[in-house]
1. In nm, to one decimal, how far is the K351 label point from the D218 one, both placed 7 Å along Cα→Cβ?
2. Got a sec? How would L116, L36 order by Cβ neighbour count within 10 Å, fewest to most?
3. Please work out the FRET efficiency for the pair D417 and Q488, using the Cβ-Cβ distance as r and a Förster radius of 35 Å; give the result to the nearest 0.05.
4. Taking 0.36 nm per residue of sequence separation and subtracting the Cα-Cα distance, how much length would be gained by fully extending the chain between F42 and T408, in nm to one decimal?
5. Give the separation of the Cα centroids, the stretch 287-301 to the stretch 228-277, in Å.
6. Could you pull out every residue, at least 5 positions away or on a different chain, whose amide H is within less than 5 Å of the one on R448? Hs are placed 1.01 Å off N in the peptide plane, and Pro or chain starts have none.
7. Given that compact globular proteins tend to follow 2.2 N^0.38 Å, what is the ratio of the alpha-carbon Rg of the stretch 9-161 to that value?
8. Label E160 and K226 with points 7 Å out from Cα along Cα→Cβ: what is the distance between them in nm?
Amino acid sequence: MLNFKLSDNSKENAIGLLIFFVPFFTFLSEENLRILSKDDVFEVFLSLMIILVVIYISSFSFENLINRLFKKKIVLFPLICFAFYLNFLFTPIIEYIQDFLYPVFGYINQSILFILFELLCFGFILFGTKFKLISIRLIFIFSVLMLINAIIPLVGYLSENMAKKSGATYEIEINESAFPSQNNDLKNRNVYYIILDAMQDIDTVSKENYINKKNTLDNLSSAGLKYIDKSLSTYNVTHMTLSSIMLADYHQRPSSPDYIDGTNFYPGIFEKNNNKIPLISYLNEASSSFIWSGNSYVSCIPSLKWTCINSRHDLPSKNLFKFYLSTPLTSIYLKIFKDAEGTKSVEKFLKHVDTNGIPKTPFFAFIHHLSPHRPFLDPIKCEVNPYPVKSVDGYKASYNCALRTINTFMEKINYIDPDAIVVFQGDHGWDWDLWSGNYERSVILRGRIFNAIKAPEVCFEKYGLPRTNVNTVSFTLNCAYGFQIPFQREAHYTIRDQNYGKVIEKIIYE
């Protein structure tokens, strides 16, 4: 056993730093590094440095105060750093407690559990000050083991991929043959393309008694929307499906070269390839602008080439949210800044319209609404309920909130922009059975999506029913601006971590 001299501040500080940075190096997993840029990593690191400075100043000041008042030397810095680490275990511990106690006591108020958890962390600090030697040694041993466990895979991943070219391997192609075929007899229409993240198809949720199928279809029809059944997502994950919408094509097929990471998929394509994105090129050809309303998962990347409703400057970073997701910090933030959590992109877009009106020239509004995806909403006010007891209950509430959002949006747009084309579509379904280990069932569910479109009937007669994300965006461009973009073969591709870099085609409907 190493002989630690507690009077040696440098050793105390070193041990505190070791445990403090365990969450950071754990975060740099192979899965996360595939989608993180250098700026993303720096952003998380910078946030940690700010917290570290606060912890150091606070512990140093309190140590001096205790020493002056009681003539007693205590060690706080490594203990507070350990308490900070414990907060990254908050969500899994609380969710376990909720599930364990729910059958007997029902739902326990989140604030009460938060207070009890923080009192537990404070208890660890008090225990550490009383039993200094053993506490510091245990923290040192624990932090070293955790760092070794995190750093060895990190070094292996970096050594394997440093020499490889980062990014996706797809080639972006624009179907320029569609340009001269514009039918100028069609009136240019505004487009509202709304992604409802993880919006399952109606058949599936109605069989689970989440909704009444007939009433739901009747409401959609009354709003002017045609629901297209047996629709399927192009991919099983958001960043790949939304990339296929921007590229108006399948960018990864089973025969495609392996991709190394996800940095060049959505939204990275807007930073690296904004001059070559087919959707933007088609809109430029049609003299139509692009409006982007983001959310806390993916905020709009500011550019002179499009208009941002929600930008990365007025929303919290998705990577900071992901890093601190298991801590109480995200829950506290969402309670304080309920309107800034970024799940209600549709509502924010309507507020923007109320303030600024709709543009006088044609536009294509892309709105990524982060619901019914987690964080789930409560069934009454549709406000964020970050830690539901059962995920199915949270999803059911969020799904019905999404249907209410559709009705609200259509009431507004039908009044102020009655000729507009409107699309409400899921980017993937919800993997209800994922945690039970039923992978095949999960794949099917994620492939089945909600798909409702308001467009002139002549467009459906001319172009047919678009049942995939790729064909829907092509249908929309054809109907709104008279292009002749051909439909792609209907297909759904899924990825698996154990076969990273490849996609597999899956049959979603028999």
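1. So the two model labels end up 3.4 nm from each other.
2. Working: L116 12, L36 22.
The fewest-first ordering by Cβ neighbours comes to L116, L36.
3. On the way: r = 29 Å, r/R0 = 0.82.
Once rounded, the FRET efficiency stands at 0.75.
4. Details: separation 366, 0.36 × 366 = 131.76 nm, distance 3.98 nm.
The F42-T408 span can extend by a further 127.8 nm.
5. Cα centroid to Cα centroid, the span is 16 Å.
6. S233, G429
7. Values: Rg = 18.0 Å, N = 153, 2.2 N^0.38 = 14.9 Å.
Dividing the Cα radius of gyration by 2.2 N^0.38 Å gives 1.21.
8. 4.8
Here, each number is a calculation from the coordinates, and none is a lab measurement. Keep in mind that what you see is a predicted model, and the values were worked out from it rather than measured. Ideal geometry is used to build each Cβ from the backbone, glycine not excepted, and the neighbour counts take in all protein chains shown.
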